[in-house]
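Structure first, commentary second.
Values quoted throughout were computed directly from the atomic coordinates according to the rules given, and no laboratory measurement underlies them. None of the values given here were measured: they were computed from a predicted structure. Glycine also receives a Cβ, built like all others from the backbone with ideal geometry; neighbour counts cover every protein chain displayed.
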Amino acid sequence: MISFKQFSNGFEYLEIKNEVSKAKIALQGAHIFEYSKIGEKPLLWLSEASEFKLGTAIRGGVPLCWPWFGVNKTDTNMPQHGFVRTMIWKLVEFTENDECSELTLLLSNSKETLVFWPYKFELRYKIKVADELTLELITKNCDVKAFSITQALHTYFNISNISDVFVSGLENKLYFDSLKQKSFMQDGNISFHKEVDRVYQDVNNPILLIDVDRTYTITNYGSSSFVVWNPWLEKSTKMSGMKSNSYESMLCIESANALDDFKTIEPNRVHGLKTTIKF
Ligand code: TA6
């Protein structure tokens, strides 16, 4: 089942429901902001302080970072994480059966996008809502010259408590610590006792997010970099759409093409960034 809904301020979203799962996806940013298995707690974290306002990215769910991850290195005045998460996407395909709903949303270059990104492109975002969540962002170069992108599916996981979770599968991987602006080798599992903002490189295996009552298996395709981020108290207090205690119940594990894992796409070629989350 799919329904077109809107909040009282006119902010539009899609509501998806089948026998095993349900989800909500904003047309702005093709931003999935709710997903859960029927009768279970949400997989995705959504800030209680998030706005659903045109032009403002929802805080939580899975923001799409494209065509650059983080700060735009050539023009720091450009929006962080690119511009597609505040653009209006179009639903172009929807299929379903009893236990699976699949939809595709589309964003193509326009005069608005050309202000940020001087290339012709087509983005198709495929979302599969079932007893697992699958997300795939497919970039097509519709221009006559190659372009390079960095990107991320910036997934906010809903966790019991940041002090009680850990991440495994990244041991012995090199990571760039954005806070210290230098690289380190991961020693053992990742546990959380302070702000963490890291880009793990050369990761070609599933990773596990282990909570007290759930273990998530996160498998990426078309990606060899994962971003792990928790703002901790001080940054939670300062960030838009966050409350001071937000850091306690969220953890971002982002399927990415970041840093050295950038992708150069030739004219008429495509690249897909895909993640599957099972639990
Ligand atoms: O993915 C981690 C990160 O780059 C952090 O440095 C923090 O800025 C976070 O993304 C959220 O960024 P946003 O632009 O959504 O506030």
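Observations on the structure shown:
- Spin-label pair D75-E51: with each label point 7 Å from Cα along the Cα-Cβ axis, the two points sit 2.3 nm from one another.
- Loop-located trypsin sites (Lys or Arg not before Pro) across segment 160-210 with a Cβ neighbour count of 16 or fewer within 10 Å are K180, K194, with loop assigned by DSSP.
- Ignoring lysines fewer than eight residues from K194 along the same chain, the ones with Cα atoms less than 25 angstrom from its Cα are K173, K180, K182, K235, K238, K243.
- Here the dipole of segment 138-226 is about 340 debye; that uses its Cα centre as origin and unit charges on the Cβ of Lys and Arg (positive) and Asp and Glu (negative).
- Each part reduced to its alpha carbon centroid, segment 53-98 and segment 187-201 end up 25 Å apart.
- Computed log₁₀ I(q)/I(0) - Debye formula, equal Cα scatterers, no solvent, the chain, q 0.09, 0.13, 0.14 Å⁻¹: -0.39, -0.86, -1.02
- log₁₀ of I(q)/I(0) at q = 0.10, 0.15, 0.18 Å⁻¹ - segment 93-246, Debye sum with one point per alpha carbon: -0.50, -1.05, -1.26
- Dipole magnitude of segment 2-278 about its Cα centre (Cβ charges: Lys, Arg +1; Asp, Glu -1), debye to nearest 20: 740 debye
- Dipole in debye (nearest 20) - segment 71-197, about Cα centre, beta carbon charges: Lys, Arg +1; Asp, Glu -1: 800 debye
- The simple spin-label model puts a point 7 Å past each Cα toward its Cβ; for H193 and Y221 those points are separated by 3.9 nm.
- Across segment 165-278, Cα-Cα distances exceeding 23 Å account for 34% of all pairs.
- The value given for segment 86-176 is a Kirkwood hydrodynamic radius of 16.5 Å, derived from the mean inverse Cα-Cα separation.
- The chain: calculated mean residue ellipticity at 222 nm from DSSP helix runs of at least 4, using -39500 (n - 2.57): -1000 deg cm²/dmol
- Taking N as the residue count of segment 1-132, its C-alpha radius of gyration divided by 2.2 N^0.38 Å amounts to 1.09.
- Theoretical gain in end-to-end length, K238 to S163 [0.36 nm per residue, Cα-Cα removed]: 24.9 nm
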